[in-house]
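Heads up, the thing below is written out as structure tokens.
The values are calculated or read from the model by the stated rules, or taken from the named source; none is laboratory data. For clarity, every value in this text was computed on a predicted model and none was experimentally measured. Glycine also receives a Cβ, built like all others from the backbone with ideal geometry; neighbour counts cover every protein chain displayed. Only protein heavy atoms, including side chains, enter the accessible area calculation; ligands, DNA and RNA are left aside. Shrake-Rupley method; radii C 1.70, N 1.55, O 1.52, S 1.80 Å.
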Amino acid sequence: MTTKVKVGVLAIQGAFIEHVHSLQKAENTLKLKKHDIEVQIMEIRTSDQLNDNLNGLIIPGGESTVMKRHFENGFLENLKDWTRLKNKFTWGTCAGLILLSNQMDGGNSELQIGGVDITCSRNAYGRQINSFESPLHLLDSQLQNIAGNNTCLGIFIRAPKIKSVDSQSVNVLCHLSAASHENNAVDEPVAVCQENIMVSTFHPELSGDTCWHEYFILQAAVRKSFQA
Ligand SMILES: NC(=O)CC[C@H](N)C(=O)O
């Protein structure tokens, strides 16, 4: 029986269209891998779109401080409520990670959606000119199976860092190994998941690799049957 899943990308600012294209590519890849799945992809601009028919939400990269300007008239409260429903799956990339972090190291921690027990710091590698690409080490077995190996490409653009993982219920999915970035003394978590919320400091939607978007679609599909 075909699994139908409806996912959205918050389309108020930033790199949302790249996620839409990556989701379309990921759906085709899943079908080639014999998954009987149909994905409806929405651009989310209004609070009322955060309803029970939506199964997954991506909060894209961009400028978190600009996105917050759109969080009035109950939008932030609805984002908080919807992302905490256990039968939904949310993924924040870069600025989306910042908005979903429970703690921020400096910076304006007002108007946070929260939900993930990490402490992040904005622009932690420096300015745009310090943006970089690096191979990453996948730690999660489902991601390794989807990717077909234990590495993926990380594209970091004015990226935040996960300064600390603040709860044992946060699973580290992916590392930037110390060997692959000159500023790193230790392996650094760059993607984590806490129950139904995943965050990454880098931009899979720009890499051409669909393993993260396939993982997101499958997680949103599985959670449809969970108790909210
Ligand atoms: N690529 C990005 O999403 C950059 C994030 C941005 N520097 C912020 O602090 O919100």
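Some points to look at:
- Enumeration of residues in region 151-162 that are under 17 Å from the mean Cα position of the chain (by Cα) and either open to solvent by 50 Å² or more (accessible area, probe 1.4 Å) or of a type in the set (Gly, Ala, Ser) (or both): LEU153, GLY154, ARG158, ALA159
- The residue that is most open to solvent (accessible area, probe 1.4 Å), counting only those in region 55-75 that are within 16 Å of the ligand (Cβ to nearest atom) and in a helix (DSSP H, G or I), is ARG69.
- Neighbours by Cβ (under 7 Å, 6+ apart or cross-chain): first from region 146-175, within 14 Å of the ligand (Cβ to nearest atom); second among the aromatic types (Phe, Trp, Tyr) and part of a strand (DSSP E or B): PHE156/PHE132
- Region 127-228 holds strands (runs of 3 or more DSSP E) entirely within its bounds, and those carrying 3 or more residues that are within 26 Å of VAL20 (Cα to Cα) and of a type outside the set (D, E, K, R) map to 132-138, 151-156, 171-176, 188-194, 197-200.
- Region 211-228 - residue that is touching a Lys or Arg at 6+ places or on another chain (Cβ under 9 Å) and closer than 18 Å to GLY92 by Cβ and, of those, most open to solvent (accessible area, probe 1.4 Å): ARG223
- Scanning region 1-54 for residues that are in a loop (DSSP other than H, G, I, E, B) and within 16 Å of the ligand (Cβ to nearest atom) yields ALA11, ILE12, GLN13, GLY14, ALA15.
- Just one of the listed residues (ASP81, ASP105, ASP117) is buried (at least 17 other Cβ atoms within 10 Å of the Cβ) and either at negative phi or among the hydrophobic types (A, V, I, L, M, F, W, C) (or both), namely ASP117.
- Of the residues making up region 1-42, those that are acidic (Asp, Glu) and either closer than 21 Å to GLY208 by Cβ or touching a His at 6+ places or on another chain (Cβ under 7 Å) (or both) are GLU18, GLU27.
- When residues of region 12-25 are limited to those that are within 15 Å of the chain's Cα centre (by Cα) and hydrophobic (A, V, I, L, M, F, W, C), the one most open to solvent (accessible area, probe 1.4 Å): ILE17
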